[in-house]
1. Shape verdict for segment 300-360, please, from the Cα gyration tensor: rounded (a/c under 1.5), prolate (a/b greater than b/c) or oblate.
2. Which of rounded, prolate or oblate describes segment 60-178 when judged by the alpha-carbon gyration tensor and an a/c cut-off of 1.5?
3. May I ask for the percentage of alpha-carbon pairs in segment 252-376 that lie more than 19 Å from each other?
4. Pairing the Cα long axis of helix 395-407 with the longest principal axis of the chain, what angle in degrees results, from 0 to 90 and rounded to the nearest 10?
5. Rank the residues T199, T426 as a footprinting-exposure proxy: fewest other Cβ atoms within 10 Å of their Cβ go first.
6. Under the Karplus relation 6.51 cos²θ - 1.76 cosθ + 1.60, θ = phi - 60°, what is the ordered set of whole-Hz ³J(HN,Hα) values for segment 153-159, x standing for Gly and Pro?
7. Report the label-to-label distance for T419 and N135 in nanometres (one decimal), using points 7 Å from each Cα along the Cα→Cβ vector.
8. For segment 269-448, take the alpha-carbon Rg, divide it by the Kirkwood Rh, and send me Rg/Rh.
Amino acid sequence: MMKIKTKTIAASAWLACTFAGLGVNAAWAILPIQHWQQPSGAKVWLVESPTIPMVDIEVSFDAGSRREDPAKAGLATALSMMSAKGIQAEGQLPPMDENALGEAWADLGASLGASASKDSFSYDLRSLTVPDLLNRSVELASRQLAAPSLPADVWQRERARWTAAIAESNTRPGTVAGRAYTQAVFGDHAYGHRSTEQTLARIDVKDLQAFQQRMFQACRAKVSVVGAVDKAQADALVTQLLSRLPQDDGKGCAPLPAVAEVRALDKAQDIRIPFQSAQAQVLMGQPGIKRNDPDFLALLVGDHILGGGGLVSRLMEEVREKRGLTYGVSSSFSPGLHAGAFTVSLQTRPDQAEQARQVAQETLAKFVAEGPTQQELRDAKDNLIGSFALRIDSNRKLLANVSNIAWNDLPLDYLEHWTAKVEALTVDDVRNAMQRVIQPDRMVTVVLGEKK
């Protein structure tokens with residue numbers, strides 16, 4: 001009876017959330033972000049969104065793939081995969097295997113997911129704010145954060161699946177081209193490490209346990225909270241959530257070792273890879289920017305005009321519309337704590353690969369040299385500013401933006417002034433930013449599957 005009652009409460013509250021969420025999200029653009037540091041050293045960012053009885057919490061640690069041993073690349077992702085495969089017993093609380101843990105979350109109408117990126121390892125908790133459900137959800141999440149069981153037989157099963165997936169992906173042209181491109185752009189930097197069958201074979205449960213114990217401490221947590229809780233409630237939730245992790249002993253967190261920066265390319269590289277494929281893959285690029293680069297918005301607008309804006313971009317106009325060399329071509333920055341890659345990518349017929357590459361390269365070089373036209377800049381601003389509300393139209397999207405502010409040490413009023421700063425950009429701002437960052441004569445070019 002208790003389980004049925006809990007599920008009924010959860011279902012009713014979720015239904016209320018669905019209807020309450022319609023038409024209220026526009027106000028989120030001006031909600032203030034509160035920030036404080038707990039006695040444990042954990043840092044908290046909060047946006048109070050009281051309309052919907054729900055809360056989203058993201059707990060992030062500096063424990064992404066850049067913190068791995070290169071010989072065991074994939075370790076952070078492996079731990080994220082294994083985090084939901086069971087939790088250890090604690091006092092009178094019994095252990096749970098992956099099935100029992102999944103059922104427990106389903107009964108609560110809540111969820112906890114883990115993910116690893118290049119820079120961070122994050123847990124994302126979503127729960128209703130019905131007091132009993134929320135307290136039980138945070139308590140279960142606290143156990144899962146601190147004491148995953150990491151069963152060896154389950155890891156062997158998951159590793160076998162992952163290894164098979166890697167072997168299969170290595171038959172795909174996109175994977176082969178991407179691997180060569182990443183290695184050429186980043187060299188021996190941590191951003192260039194990739195999981196392989198060999199690196200996964202070296203990872204055992206002891207490695208997972210050691211990484212968990214070394215990287216996850218309360219004092220290193222950055223916690224973003226969005227939902228129907230006030231500061232006092234959020235502070236109590238975060239304290240409970242991190243209570244089972246190692247706490248600050250009064251001496252502060254020991255600093256993690258510094259990670260080297262990505263080296264700029266000193267010359268162009270042209271890599272041609274034979275491959276039997278219906279479509280040739282073309283990738284061009286170089287190390288780009290960190291996320292906290294002062295010209296980030298100017299580069300965002302510039303990239304939107306060049307190739308990030310879909311059908312209306314310069315690259316699409318030149319490579320697809322005028323010459324019919326591809327269905328799609330795009331450009332993108334992927335900034336992080338270090339300089340992520342700036343990339344131009346396209347697919348085309350194998351016999352057109354060199355022509356498509358040349359047109360894309362010429363279009364890029366001209367754009368960097370001259371910058372956008374006034375009309376292109378106006379159209380890009382209208383598109384980006386007009387779609388800004390879509391970036392924050394749900395708790396989860398708003399949480400992603402708050403986490404971005406937290407992780408990259410951006411100003412608390414970053415979202416409030418975003419549209420005004422984009423509107424203020426000039427042609428010179430965009431051109432100067434692109435010229436500072438992009439060197440068309442020192443790029444990595446990978447062409448896979450070309451047929452002459």
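No lab work stands behind these numbers, since they all come straight from the coordinates. Everything numeric in this text was worked out from a predicted model, so none of it was measured. Cβ coordinates were reconstructed from backbone atoms using ideal geometry, including for glycine residues, and neighbour counts include every protein chain displayed.
1. Judged from the Cα gyration tensor, segment 300-360 comes out oblate (a/c at least 1.5, b/c at or above a/b).
2. It comes out prolate by the Cα gyration axes.
3. Of all Cα-Cα pairs in segment 252-376, 54 percent lie more than 19 Å apart.
4. 80
5. T426, T199
6. 5, 5, 4, 4, 5, 5, 5
7. 4.2
8. 0.99
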